[in-house]
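The values are calculated or read from the model by the stated rules, or taken from the named source; none is laboratory data. The shown structure was predicted, so the numbers you read here are calculated from the model rather than taken from an experiment. Cβ atoms come from the backbone with ideal geometry, glycine included; neighbour counts cover every protein chain shown.
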Amino acid sequence: MSPRRNYGFEKRRREDERKAKQQEKLARKAERAESGAIGPEMGEPQDTGAPQGLWEWFSPSRSRTTTTPPKQRPPGDAPDDWVLLTDVADEDAERPNE
């Protein structure tokens, strides 16, 4: 196999591209530091979990989640493999209505 003719040129070109990317990254970081923003350039964090006053359930066989009023299970269609995701007090979770 013959060596590449422009190996030195290609190596310098790749190094120049790497340096340019690094400088752009540092410029964005400095701009965020000046404006007081921190972290990556992303939108507002989304709320996760069930709304207040509802229980959230997950079914592995259906690969979906659903919400119900407190102390109520989702419909018991086969397979009944609903798992409670909401953190609740032990006395509330012991016997949800079926």
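Just a few scattered comments:
- Test: residue in region 63-85 that is modelled with pLDDT of 75 or more, assigned to a loop (DSSP other than H, G, I, E, B), among the aliphatic types (A, V, I, L, M) and exposed (fewer than 11 other Cβ atoms within 10 Å of the Cβ): yes
- Scanning region 52-62 for residues that are among the hydroxyl-bearing types (Ser, Thr, Tyr) and either surrounded by 13 or more Cβ atoms within 10 Å (Cβ to Cβ) or within 14 Å of residue 85 (Cβ to Cβ) (or both) turns up just one, 59.
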